[in-house]
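The values are calculated or read from the model by the stated rules, or taken from the named source; none is laboratory data. Note that this is a predicted model, so its numbers are computed, not measured. Cβ coordinates were reconstructed from backbone atoms using ideal geometry, including for glycine residues, and neighbour counts include every protein chain displayed.
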Amino acid sequence: MGCGANRGYAVTPATKYFPDVAKTLPTDLSAKTIAITGTTSGTGYATARFMLERGATLIMLNRPSSRSTKAEEKLKEEFKECKVTTVPCDLQSFASVREAASKVLELTREGGLDVLGLNAGIMAMPDNATKDGCDVQMQTNHLSHFLLTALVFPSLEKAANARGDARVVSMTSLAKSSPNTPAEAKFYGKNGGNLGGDENKASLSGPRWERYHQTKLANCIFTYALADKIEESKYKGKIKAVVAHPGLSATNLQITSDKEGSMPGFFGPIFRWLAMSPTDGAAGFVIGCLRDDVANGSLYGPTSWSGMCGAPVLMKPEPLATTEEVKKMLWSESEKSTECEFKV
């Protein structure tokens, strides 16, 4: 479910599937400008690295930190002539997201933005509110991404008009359907700190995991709702909304969850047995960003071992995310919490 290395899991698994995926993708990205959230490590860094390797202009949207600085330095060291810019973007602050969106619009004012990759996320965090009043997980994983997409959408439209293709790609996880509970409006509102508390249960369950599930389900609902709106607009066939899941990937996400005391001890052996490299975990996400045959509203990810590993494939839509009622709820509640009307 987008988990990552921690105590005793420090050896990153070998990359098995991405090389074959890469063969199906465009080799020259020099005409594309791509913005991605959460690129300091894991699937985000792997995605950023691949985009630069193939010549894209890259905008990395990260919370200001030494890790963010080091990620950019490392990429510039590897790709001497690369075009990469880091834009400060703290997803736990709507004000920061607005500032970041303004900067992205400035950077892409001439040619537009070809791909917006919504990769950043946190997992199984305590029941805390952001300074905006929302649940820390929902704001980081969905609400701020909703706001960012709404604000930079004119740049995606510009790219679509110029080159006939622009994309919004979200990263969900296996938690989209685990637990198998429906989306609820209360998780989208300014209810942070009042959404069940922090009780842990042995099998990746309890309030922390319910809140995480709601955010990952939101990633799917947002994709399907946006895809529907695109289909009804003049950008049908030109802009695509896509979602992917990384399976069980050896990223930094689990380290943070473990530090917060939410990762059960039994998970270690499972992780060592099935976990994929961050690059393999990014494969479905990169397909969504780049492959020519991707359809609007698609979901990509591994399906072996209940989705924990394997090559990414086109999957059936997430059943919990497809009803008109739930899509309307997400859109309305997200606009309300972000104080941003999002029209396509």
Check your understanding: Can you find a residue in region 39-58 that is under 14 Å from Leu290 (Cβ atoms), in a loop (DSSP other than H, G, I, E, B) and not hydrophobic (A, V, I, L, M, F, W, C)?
Key -> yes
Check your understanding: Would region 67-82 turn up any residue that is assigned to a loop (DSSP other than H, G, I, E, B) and closer than 21 Å to Leu148 by Cα?
Key -> no
Review point. Counting only residues that are part of a helix (DSSP H, G or I) and not aliphatic (A, V, I, L, M), which one in region 156-175 is nearest to Leu290 (Cα to Cα)?
Key: Arg163
Exercise for review: Could you check, for region 251-273, whether at least one of its residues is at pLDDT below 95, crowded, with 17+ Cβ neighbours inside 10 Å and small (Gly, Ala, Ser)?
Suggested key: yes
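Considering only region 107-155, state which residues are closer than 10 Å to Leu91 by Cβ, polar (S, T, N, Q) and not in a loop (DSSP other than H, G, I, E, B).
Across region 107-155, the qualifying residues are Gln139, Thr140, Asn141, Ser144.
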Review point. Among (1) buried (at least 24 other Cβ atoms within 10 Å of the Cβ); (2) within 30 Å of Ser30 (Cβ to Cβ), where does Leu151 come up short?
Key: (1)
Point to revise | Members of region 20-49 that are surrounded by 22 or more Cβ atoms within 10 Å (Cβ to Cβ) and of a type in the set (A, V, I, L, M, F, W, C) | key: Leu29, Ile34, Ala35, Ile36, Ala46, Ala48
**Study point:** Conditions (1) at pLDDT 90 or above; (2) of a type outside the set (A, V, I, L, M, F, W, C); (3) within 15 Å of the chain's Cα centre (by Cα); number of the one not met by Lys238
**Key:** (3)
Revision key, fill the gap. Residue pairs qualifying under the 6 Å Cβ cut-off, at least six apart or on distinct chains, with the first in region 15-29 being in contact (Cβ under 8 Å) with a residue 40 or more places away in the chain and the second being assigned to a helix (DSSP H, G or I) and small (Gly, Ala, Ser), are Tyr17/Ala283; Phe18/Ala283; Val21/Ala283
Review point. Out of (1) under 28 Å from Pro319 (Cα atoms); (2) in contact with a Ser or Thr (Cβ under 9 Å, 6 or more places away or on another chain), what's the single condition that is false for Ser177?
Key: (2)
Practice item. Name the one entry in Glu184, Glu157 that is acidic (Asp, Glu), in contact with a Gly (Cβ under 9 Å, 6 or more places away or on another chain) and touching a residue at least 12 places away in the same chain (Cβ under 8 Å). Key: Glu157
Practice item. Looking only at region 176-203, count how many residues are surrounded by 24 or more Cβ atoms within 10 Å (Cβ to Cβ) and either aliphatic (A, V, I, L, M) or not in a helix (DSSP H, G or I) (or both). Key: 0
